[in-house]
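The values are calculated or read from the model by the stated rules, or taken from the named source; none is laboratory data. What you see is a predicted model, and the numbers here were worked out from it, not measured in a lab. Because the Cβ atoms are built from the backbone with ideal geometry, glycine has one as well, and the counts that use them run over all protein chains shown.
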Amino acid sequence: METLLGSPVSFVLPGNASDSYVTFLNGSVQTYPLTTSQATSGFSTITVTPTGTGVLQVGDPVSGALTPPVNVVATLSSNLLTQIQGAVMGSFMWDKAAGTLTLYTTNGSVLSSYTISDQPTVFSRELLP
């Protein structure tokens, strides 16, 4: 499972809502604020909002239960794939007079722009901010 940095993630673990749960990021204990509620008898829902990237897990020190790992990322893989598809399937405009190259997504929005240097033996591009 994957979640975006700063997005709340909910887990269900054995225990009571009043139990002290522990959060881990990349195996290290973190002090993220937790919201707990009683899901059903003997199980609690724990919600945490990670502020760092890596592998997130929540554990119950009483029962020893540990949630499956969740990858916390700055950019979701699906967003990256959409950007790659937009670059591959989109179009470009090379303004030779201005020395710029602009890449467009399939829906026509600008993906990125570059300055271009086109010499007889060397071609280069630099990403514009």
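Residue 88 passes every criterion in (1) modelled with pLDDT under 85; (2) under 20 Å from the mean Cα position of the chain (by Cα) apart from (2). Return the residue satisfying two criteria in turn: it lies in region 1-28 and is β-branched (Val, Ile, Thr) and within 30 Å of residue 80 (Cβ to Cβ), and of such residues it is surrounded by the fewest Cβ atoms within 10 Å (Cβ to Cβ). The residue in question is 12. The residue that is surrounded by the most Cβ atoms within 10 Å (Cβ to Cβ), among those in region 97-119 that are at pLDDT 90 or above and in a loop (DSSP other than H, G, I, E, B), is 99. Every test in (1) surrounded by 15 or more Cβ atoms within 10 Å (Cβ to Cβ); (2) under 19 Å from residue 4 (Cβ atoms) is passed by residue 82 save one, and that test is (1). Pairs are defined by a Cβ separation below 6 Å, a sequence spacing of at least 6 or placement on different chains, a first member in region 15-29 that is farther than 13 Å from residue 65 by Cα, and a second member that is part of a loop (DSSP other than H, G, I, E, B) and not polar (S, T, N, Q); the pairs so defined are 25/52. Being surrounded by 15 or more Cβ atoms within 10 Å (Cβ to Cβ), under 13 Å from residue 20 (Cα atoms) and aliphatic (A, V, I, L, M) is the filter here, so list the residues in region 49-65 that pass it. Scanning region 49-65 gives 58, 65.
Taken over region 30-54, the criterion of being among the aromatic types (Phe, Trp, Tyr) and either over 18 Å from residue 68 (Cβ atoms) or assigned to a strand (DSSP E or B) (or both) is satisfied by 43 alone. Do we find that residue 56 is in contact with a strand residue (DSSP E or B) (Cβ under 9 Å, 6 or more places away or on another chain), more than 30 Å from residue 129 (Cα to Cα) and not hydroxyl-bearing (Ser, Thr, Tyr) in this structure? For residue 56, the condition - in contact with a strand residue (DSSP E or B) (Cβ under 9 Å, 6 or more places away or on another chain), more than 30 Å from residue 129 (Cα to Cα) and not hydroxyl-bearing (Ser, Thr, Tyr) - is met. When region 6-29 is filtered for residues that are under 19 Å from the mean Cα position of the chain (by Cα) and not in a strand (DSSP E or B), the ones remaining, listed by number, are 6, 7, 8, 26, 27. So which residues in region 88-129 are of a type in the set (S, T, N, Q) and touching a helix residue (DSSP H, G or I) at 6+ places or on another chain (Cβ under 6 Å), if there are any at all? Of everything in region 88-129, those that are of a type in the set (S, T, N, Q) and touching a helix residue (DSSP H, G or I) at 6+ places or on another chain (Cβ under 6 Å) turn out to be 105, 106. Exactly one residue out of 59, 42, 27, 54 is under 30 Å from residue 111 (Cβ atoms) and either in contact with a Cys (Cβ under 8 Å, 6 or more places away or on another chain) or not assigned by TED's automatic domain parsing to the domain that holds residue 109 (or both), and it is 54.
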